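Contents: one structure, followed by commentary.
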Amino acid sequence: MTLAAAEEVRQLSPRQARAAVASIVQRYFGERPKRLKAQGGGLTNRVYEFSAAGKAYIVRMHADPTKLGAYLKEQWATRHAREAGVPVPAVLEVSNEAAPHPYMICEKATGISACIHSQRRHILHEMGGFTRAIHSVRTRGFGEVFDWSHNTLSRCASWADYLDEGFEVEQRLAVLEKQRVLDRAAMKALRGRLEEMRRWKKPPVLQHGDMRLKNALVDPETGHVTALLDWENCLSAPGPYWDLAIALHDLGIDEKQEFADGYGLKPAALAELMPFLRALNLLHYAVSLEQKASQRDRAALAWERARLQGVFDLYRF
């Protein structure tokens, strides 16, 4: 079994999606949608912006019926994040009653992509603070199934269980070994870190799951964050490791410092976290490595291997 297991492709045509959106808007707003505009998404996931009752909304719809749970998870997470002071669009409805597919209706957030704003360091400092606020939301269970769901059999009762069953650590380690990303000493050190992590008794908290600039909107004038988007990958895990490993990995040195400072971390505290952040980052990249290997893209695989081996680290001797 591979990490990136193949899924059955259930395509949702634009015509089907538009008809479903019209039905949804009619049900909840009592009128036909105005200014229905496609926002991308793909063959299985459709996203539309529409106007009704004088306001702008976003509806997301997925061809896979199991996505209803993922939408309910986002609704729970964004509600609790907003209560903690995090700017997120309000999710107004999650259902599959007004259309043959799961859908989510939320208010349209304002702002421009943080990726194109000049005040990146200021934005990242703010995002660090909001990440800390997200981590103030206590959760029960570990992984993708937590407080939002009433299910108990599919929950991971411990962090170790999630690492082994939900995150598939051993399969990820096997990919890293097969692709010769680390030498024997480094691989042994990575396994040692994982054993430490398995023994953690730290309480779980809400994690955004993809806290990066591409998922933030900002005010075009001030650069202040107006909304944090894309909660699809949110989960319950010991804070702050999961979010920091993802947030910091593709930033420059100065940007890393801004995010960490915004979170409230001092240099000594960040230094203590870094071995575990590096371990999680390596394990996250196993999926990308496996995909490139399966595509026989040797050049891309070589560059990916170089990145993970620290070739671009100018401070290493």
Practice problem: Please specify each residue of segment 180-219 satisfying the condition of being part of a helix (DSSP H, G or I) and more than 19 Å from residue 241 (Cβ to Cβ). | Solution: 184, 185, 186, 187, 188, 213, 214
Quiz item: What is the one condition in (1) among the hydrophobic types (A, V, I, L, M, F, W, C); (2) buried (at least 17 other Cβ atoms within 10 Å of the Cβ); (3) touching a residue at least 40 places away in the same chain (Cβ under 8 Å) that residue 277 does not satisfy?
Solution: (3)
Self-check item: Check on residue 53, touching a residue at least 12 places away in the same chain (Cβ under 8 Å), of a type in the set (A, V, I, L, M), closer than 17 Å to residue 230 by Cβ and outside the structural domain of residue 210 (by TED's automatic domain parsing)
Solution: no
Quiz item: Looking at segment 113-138, which of its residues are among the β-branched types (Val, Ile, Thr) and either closer than 14 Å to residue 83 by Cα or not assigned by TED's automatic domain parsing to the domain that holds residue 214 (or both)?
Solution: 131, 134, 137
Self-check item: Number of the exception - residue 85 against (1) closer than 23 Å to residue 134 by Cβ; (2) at pLDDT below 95; (3) part of a loop (DSSP other than H, G, I, E, B)
Solution: (2)
Quiz item: Mind checking whether some residue in segment 167-174 is of a type in the set (Phe, Trp, Tyr) and in the same structural domain as residue 276 (by TED's automatic domain parsing)?
Solution: yes
Quiz prompt | Filter result (surrounded by 19 or more Cβ atoms within 10 Å (Cβ to Cβ) and either basic (Lys, Arg) or modelled with pLDDT under 95 (or both)) within segment 109-140 | solution = 120
Quiz item: Which of the residues that make up segment 193-217 are among the acidic types (Asp, Glu) and over 12 Å from residue 160 (Cβ atoms)?
Solution: 210
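The values are calculated or read from the model by the stated rules, or taken from the named source; none is laboratory data. Only a predicted model underlies this, so the values are computations on that prediction, with no experimental measurement involved. Quick reminder, even Gly has a Cβ in these numbers, built from the backbone with ideal geometry, and neighbours come from all protein chains shown.
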